[in-house]
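Readers should treat all values here as calculations from the given coordinates under stated rules, not as data from a laboratory. Please read all numbers here as calculations on a predicted model, not as lab measurements. Virtual Cβ from ideal backbone geometry, glycine too; neighbours counted across all protein chains shown.
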Amino acid sequence: MSVPEPLLVVRELTVTFRQRHPEPALRAVDSVSFEIPEGKTVALVGESGSGKSTIGNAILGLVPIRSGSVVFRGHEAANATRVDRGFLSKHVQVIFQDPYGSLNPARTIGQILVEPLMVHRKMSRSDMKSAVAEMLTGVGLEAGAAQRYPANFSGGQRQRIAVARAMIIAPDLVICDEPVSSLDLSVQAQILNLLSDLQRAHGLSYLFISHDIAVVRHVADRVVVLYRGQVVEAGSVREVSGSPRHPYTRALIAAAPVPDPGVQRARGVARRHAVVEREVPDARPNREACAFAPRCPYVVDRCRREKPNLRVGSSGALVACHLEEQLPEVAVLFGRPRDGGNAFDQDPESGDGQLVRPSGPR
Amino acid sequence: MRRMILRRLLQAVPLLLIVSSFTFVLVSLIPGSVATALLGDTGTPAEIVAIQRQLGLNRPVYVQYWHWLDGVLHGSLGSSFQNHQSVASILNARIGVTLTLVIATVIVVAIVGVSLGVLAAVRPGVIGRSVDSLSWLGLAIPNFWLGLLLVAFFSIFLSVLPSEGFVAFSTSPLRWLESLVLPVIALAAGPLAIVVKQTRDAMVSVLESEFVRTLRASGLGERSIVLKHALRNAAVPVVTVLGVLFAQLLSGTVIVETVFVLPGLGSLAASSVSAHDLPVIEGVAVYFTLIVIAINLLTDTVYGWLNPKVRVT
Amino acid sequence: MSAVAPVVGVHRVSWTAPVRELLRRPLACGALVYLVCLVAACSAAPLVAPANPNYENLLDVSSGPSLAHLLGTDDLGRDVLSRILFGGRITLLDAAEAVIVFVVVGVPLGLVAGYLGGRLDRLVMSVTDIVLSIPVIIVLLVVAAVFQGDLPLMVSLGIVASPSIIRVVRATTLSVRTELYVKAAEVIGLSRLQVLRRHILPQVLAPALVQVSVFAAAAIVLEAVLGYLGLDVAPPAPSWGSMIAEAATVIDQQPWLMIPSGCVIALTVIALGLVGDAVRDININRRSPTVLRARSIGSGSSQNGARAAEGTPNPEGSVPSGAEALLSVRDLSIVLPNAGGELLIVDAASFDIGRGESLGIVGESGCGKTITARALLGLLPPGGRIAGGSAMFDGEQLVGARKQSRVQLRGKAIGLISQEPMAALDPAFTVGYQLREVIRANRKLGRRAARTESLDLLEQVRLPNPVLVAGRYPHQLSGGMAQRACIALALAGRPKLLIADEPTTALDVTVQAEILDLLTSLRHDTGMAILFVTHDWGVVADFCERTAVMYAGQVVEIGGVDEMFRLPLHPYTEGLLAANPHFAGEGPLPSIPGTVPPPGAWPSGCRFAPRCPYVTVDCKISAIALRPGTEGRVTRCLHPERIGGRTTDVSS
């Protein structure tokens, strides 16, 4: 059985931005490569400056690509012409982070949702109206919302509208750029559930961009960890989060606080040693060295002279670190799963998050 | 910063060329030749031709322009068609008046405008509203009309201030001051209103910002916050506006100097156009442009000094 | 999946909304009416004017207003009112010509420069820079002298003045272009022209209109200047400017003559200004999403209006008071102004902080946690006030305290760090300067001592190179460094309590970890208590000893973190902990159905009841007060025993 063609293949993607006169161009994305299989979720994880959002923008054609290739179903998307863009926009859509900025405040929900249909489908007006109504109920809003303006809706509801807009032309790939980072916790869960339901129902793929490793663990199949525009580790979510082999991945996981006081106290020591601040951070990046060297607790001389390549590490994931095999084993603590049920647990019959009567401690 | 100054200076050259050539071409199109204007209706055809040859008006336009440009590069702006005086000397005699008027106006506008704006921002109640209404008046009333009204009231009705004429500082400081009061008020009213509004808006916006809240939370006194921190930040947009206003004031001098009969560049501009005195018009255009360039340079420098983001990367 | 209804009522923002907004501004309406009447009257002057404007009646010279001549006659006996109407035709027509050129040249250039960017943008910008430097009046005077008629004059005016609208349109286009909804439109596949037309142009209209009104006023005045100089019409035809010139010649005999022509110019300029201002104000309301967000929270019904005064106080002793408490807040209620009056935002909050303790206040957006924390320092938004309750800090009552004593407390007793560290520092001064200033304001230290102290503080917050950082401006610092500088600023007065309002929310997670460690060690070193406002339960678990949970303006649970995580005493707490992706297994995340009720739409009875899985009938009847639970904890739930617990030991 042959491995099916991946939906999206990114090879050696590089994006640079011009800076004010004395500074050289900023390499926001530096030779990044990864693939997105059909029907799967690939997560890009990193902090600010990692380039994760820029990669999403580059795939969507919102920023110019300096070099490298982005191939979607055999079509080259890098710096595509307007015609190619048309093809891509039919199959690749986006959900942005900010629910308040991503909907035009001067247009109704109906007008917003109809736009993709106008561009890509030849439908009659009444067909479009019913498609919009169907989509709205599909994301958990009432059909009457089409007449209203974004101002009438909360952040979580607006994000549902953004999901509806992305899904209405049934794309194959949706780029989710921090889709839940601006939302409250209770709403986050609703939106994440909605996204996974839609994925199951339509078999679409997600490129899930986030800084929150706990969310990524929950939604992603594969994880790509980025630091300063470069891939430092990439593999299945179990490999990367279960046994991280790159010091930065470890630092990320160690730093993210776990909502369990006892566990967090035990992790405190590991976290304090995960990142070391040695230099004043605006030192120019040295392309001949490992990008993480200034902050790495395990740094040796070789790290500063030679940039590590991405190769298969001891966990099975790709890692870019000279010392990958020699890193000490660290019990990666994520916290025990909650034993004993509670009323908010999933009831398999009634859909997600429905209220159930408590059935006593399990 | 240095790059910005250099850029401004480099822009000056094409600017001067454009302005001077544009004015030259336009004026040379004035119907009814200069000669006729100079001689009046009584000139015979022979006299007209003689004057034309004397003033070099029989040559094509671009030759005349090149001749003038050549003169400029050698330090001469030519001579007036009307009285053959050196243009440079005419202009230099009058530039002092215009600069005095404009600089005095800017000082008044800056000091009074910023103070009123700060006051209106800090005391938004009655004071703020009355400042608002006064601003409206200042903006709406055309400056020459205001000048005439002031003359009607102070010169004719009260007879306390002169209605026209300029007295040099060296002759009598007091009368110098008196001759400036009404023109400055007329010229300053509009820009004053704009500066008050801008200052007030900028101050209100700064006083609501996060760093002001932090400074308040750290125990700093209100006076220090308003006058040192808030004002310093609010000054940045206000300086930009002041720079633009400064340049507009030059235009205002044309009419105000005419109304108050002040011997400055502005009134010279008006009179030389009706007299078709080409070299003088050119000279005034050049001087005005130079002044505007200097103003822009000054504004940019002050702005850079005030705003660390420009000064230090 | 249950359908989710919109949060706020049916109020629709449609295109009639701007008209309604305009009607709410009587001055602007009046101005608009005046302008329309003026234009109509002047256009119809031959029909409307009472007399022939050039008819000289030498018997009735220079008379004041009378029944026959409403605005009097001039020095040649001509009717002033008629002359103004006819003169207006010239002025208004000229101004209109200039405005048309202004718009036709300026708007497309601005749109194209802003949207396409690159070389075209740079070209347009350098040309406008040059044009802006040209002394306008010279050009106008020369054109006026050269060409016959006003049209060339007004065309030149329009062109020479267009840089101002080009700049505004370009700036608006640039800012709209970066909006996410425009990016979304591009991703959808709209062509550039479609994006310009559908998304950008509508946003550009209002600022462009404002510029047009400003320019129209300037054009009218400029036309009057030309009239005064005798450059627009040949006498005896009237124009507003030439009428002023004529009046000037007889100013000592007939001062009244100055008034009508000048006044009509001034009134027209005022009217244009009022209309322009109204357009700008209305547009701000329409565009800004954050304004909309704030409005939607506050525009609920005034259901709570009657109760706005006091909130629901809790019975005596319901919150066990520690004898050692540094800060003791009881029944603190805060109101904010809104369209209908005042809105209760925080309803009888109560909690204690002991000396050197770290207390968290955790909740989602809109629960009131931030405003509660800031109220302690008296830093409420404009119009907000504390409507009741008390806050005892170290023996002093904060509520109702005189402004002077509150200012005294700030910095010296209570410090504050907030969410956006870059925005919290004055961009115009170096870090060291601000630090020294605050040190000297709070402690009586000389210059040299303050400088040493400032470097010590920077070291205390673990900044790698204190001298270097002290000389830097805020924009030169990274987020983490800036937050450390803010902490140093807050520590300058050696406060006993530090209020930390979401200080790590905007920071990277690795930087957040460092800041939390720093705060913990500072707390141990200085014995300072920390009130930590956050929405992140991981941070609570890491940093706080005790925590208070807020929901819909109320404190719903208080307790030690270990006990609370193990066994929440309020269903909301339980729901939030369950929804946390950290604990997710396979399958969907448990989520709390429904949404948080906004202030003004709080249900009577338990506010969480509509979403609660354990709800009973008595939960909805009346307001529920805080009541003691086990181990010194406090809860607002009537039936905490029903909350599904773990099998692990509850009593330890």
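For the reader, a short list of remarks on this structure follows.
- For C:His524 and C:Thr630, the difference between the fully extended length at 0.36 nm per residue and the C-alpha to C-alpha distance is 35.3 nm.
- Computed helical MRE - 222 nm, chain C, DSSP H runs ≥ 4 contributing -39500 (n - 2.57), nearest 500: -15500 deg cm²/dmol
- About its Cα centre, region A:8-211 has a charge dipole of approximately 600 debye under the convention of +1 per Lys or Arg Cβ and -1 per Asp or Glu Cβ, with nothing else charged.
- For the protein assembly as shown, the fraction of alpha-carbon pairs in successive 10 Å shells from zero, as %: 1, 7, 14, 18, 18, 15, 11, 8, 5, 2, 0, 0, 0
- For region B:235-246, 3J(HN,Hα) per residue [Karplus equation, 6.51 cos²θ - 1.76 cosθ + 1.60, θ = phi - 60°, Hz, x = Gly/Pro]: 4, 4, x, 5, 4, 4, 5, 4, x, 5, 5, 3
- About the centre of its Cα atoms, region B:88-306 shows a dipole size close to 700 debye [charges on the beta carbon of Lys, Arg (+1) and Asp, Glu (-1) only; nearest 20 debye].
- Across region A:105-116, computed HN-Hα scalar couplings (Karplus, 6.51 cos²θ - 1.76 cosθ + 1.60, θ = phi - 60°) run x, 9, 10, 6, 4, x, 5, 5, 6, 6, 3, x Hz from first to last residue, x flagging Gly and Pro.
- Each residue of region C:220-232 was assigned a 3J(HN,Hα) from its phi angle through the Karplus expression (A = 6.51, B = -1.76, C = 1.60, θ = phi - 60°), giving 4, 5, 5, 5, 5, 4, 5, x, 4, 7, x, 9, 9 Hz with x at Gly and Pro.
- Exercise: per-residue mean of other protein chain Cβ atoms within 10 Å, C:256-267: 3
- Packing-based order for C:75-86, C:597-608, using average beta carbon neighbours within 10 Å, highest first: C:75-86, C:597-608
- Counting only DSSP H runs of at least 4 residues, each contributing -39500 (n - 2.57), and dividing by the residue count of chain B, the helix-based mean residue ellipticity at 222 nm comes to -25000 deg cm²/dmol.
- Set of aspartates and glutamates with alpha-carbon distance to C:Lys183 below 14 Å, sequence-local pairs under 8 removed: A:Asp98, A:Glu115, A:Asp177
- With a simple spin-label model that places each label point 7 Å from the Cα along the Cα-to-Cβ direction, the separation between B:Leu158 and C:Leu267 comes to 2.7 nm.
- Amide H within-cut-off set for A:Ile175, under 5 Å, with H built and near neighbours excluded: A:Gln93, A:Val94, A:Ile95, A:Leu207
- About the Cα centre, charge dipole magnitude for the protein assembly as shown (Lys/Arg +1, Asp/Glu -1 at Cβ), debye: 1780 debye
- Annotation: aspartates and glutamates with alpha-carbon distance below 18 angstrom to A:Lys307 (same-chain offsets under eight excluded): A:Glu12, A:Asp30, A:Glu233, A:Glu288, A:Glu324, A:Glu325.
- With a threshold of 26 Å on the Cα-Cα distance, the over-threshold entries among A:Lys52/C:Lys369; B:Lys228/C:Lys444; B:Lys309/C:Lys412 are A:Lys52/C:Lys369; B:Lys309/C:Lys412.
- Partner shielding of B:153-164 amounts to 1, given as the average count of beta-carbon atoms from other chains within 10 Å of each residue beta-carbon.
- Förster radius 51 Å - calculated FRET efficiency between C:Leu468 and A:Glu38 (Cβ-Cβ, nearest 0.05): 0.45
- Beta bridge orientation in region A:8-211: antiparallel %, DSSP, nearest 5: 50 percent
- Note on the protein assembly as shown: antiparallel DSSP beta bridges, both residues inside, total approximately 60 percent of the bridges counted.
- Within 10 Å of the Cβ of each residue in C:202-211, the mean number of Cβ atoms contributed by other protein chains is 1.
- Pairwise centroid distance, computed over Cα atoms, of region A:116-147 with region B:214-291, Å: 57 Å
- Options A:Gln19, B:Gln64, A:Cys290, ranked by Cα towards positive dipole end of the protein assembly as shown, top entry (Cβ charges): A:Cys290
- Computed over chain A, the per-residue total of -39500 (n - 2.57) for DSSP H runs of n ≥ 4 gives a 222 nm mean residue ellipticity of -9500 deg cm²/dmol, rounded to 500.
- Take the Cα of B:Val61, go 7 Å toward its beta carbon, and the backbone nitrogen atoms of region C:148-167 under 17 Å from that spot belong to C:148, C:152-153, C:156.
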